[in-house]
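Chemist: Here it is, the structure in full.
Please treat every number below as a calculation from the coordinates, not as lab data. No experiment lies behind these values; they were computed from the predicted model shown. Cβ coordinates were reconstructed from backbone atoms using ideal geometry, including for glycine residues, and neighbour counts include every protein chain displayed.
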Amino acid sequence: MNLIHVCIAFSLAGLVSTATASAQQPAPPAGEHARAKSPEPVTGEILAVDSNARTIVVKTTSDTEMKFSYSDETVIVGGDKGPAGLATSTGTIVTVTYDVHGTANIAIKIEVKPKPQL
C-alpha cells in the first residue's frame with residue numbers, strides 16, 4: 001500500500017515539475033507576432049501629385065489606383081529636384097516602396113523611371 005502511495009507521489013511530482021518547466025519558457029518578443037511584412041513595391045504611372053498635401057496617386061499595372069503620402073524622409077531616386085520634381089512627373093512610371101500605417105500608404109522610396117526618348 002505504501003508502495004502505491006510512493007508511486008503516485010512521484011508521478012504527481014513529475015507532472016508538477018514538467019508543468020512548471022514549460023510555463024517558464026520565454027515568451028516571444030512583444031510585437032514579433034504583430035510585426036507584419038512590408039507590402040511589395042508597386043510600379044505604375046503617376047496620375048496625380050498634390051504637393052501641398054504631399055500625396056501621389058499611381059495607376060498600377062492591374063489598373064487600380066493607389067494613393068501614397070510622402071515626406072522629407074521619403075527617398076526619391078531619379079526625379080528632378082526631389083519632391084518638387086514629382087509635380088512635373090505626371091505620366092511617368094515609378095516604383096513606390098511603402099509601409100501601411102493604419103489606412104494610409106506611406107512612401108519610403110519613390111523610384112522615378114526615365115521617360116523614353118522619342
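Chemist: Please list, in order along the stretch 38-55, the HN-Hα scalar couplings obtained from phi with the Karplus expression 6.51 cos²θ - 1.76 cosθ + 1.60 (θ = phi - 60°), rounded to whole Hz, x for Gly and Pro.
Modeler: 3J(HN,Hα) across the stretch 38-55, in whole Hz: 5, x, 5, x, 10, 10, x, 9, 5, 8, 7, 9, 10, 6, 6, 7, 6, 10.
Chemist: Grab the Cα-Cα distance for ASP99 and ILE8, subtract it from 0.36 nm times how many residues apart they are, and report the gain in nm with one decimal. Please report the intermediate quantities before stating the final value.
Modeler: Working: separation 91, 0.36 × 91 = 32.76 nm, distance 5.75 nm.
That works out to 27.0 nm of additional length.
Chemist: Under a point spin-label approximation (7 Å from Cα along Cα-to-Cβ), what is the GLU111-SER51 distance to one decimal in nm?
Modeler: 2.5
Chemist: Something else about it: Given all pairs of different Cα atoms, what value in angstroms does the Kirkwood hydrodynamic radius of the stretch 42-112 take?
Modeler: Numbers: mean 1/r = 0.0854 Å⁻¹.
Mean inverse Cα-Cα distance, inverted, gives 11.7 Å.
Chemist: How large is ³J(HN,Hα), in whole Hz, for each residue of the stretch 93-110 in order, when computed from phi with the Karplus curve 6.51 cos²θ - 1.76 cosθ + 1.60 and θ = phi - 60°, using x for Gly and Pro?
Modeler: Result, ordered by residue: 7, 9, 10, 10, 9, 8, 10, 9, 10, x, 9, 9, 9, 9, 6, 9, 8, 10 Hz.
Chemist: Work out, step by step, the length gained on full extension between THR64 and THR43: first 0.36 nm times the residue separation, then minus their alpha carbon distance; give nm to one decimal. Present the calculation step by step, with values, prior to reporting the outcome.
Modeler: Working: separation 21, 0.36 × 21 = 7.56 nm, distance 1.11 nm.
Taking THR64 through THR43 to full extension adds about 6.5 nm, to one decimal.
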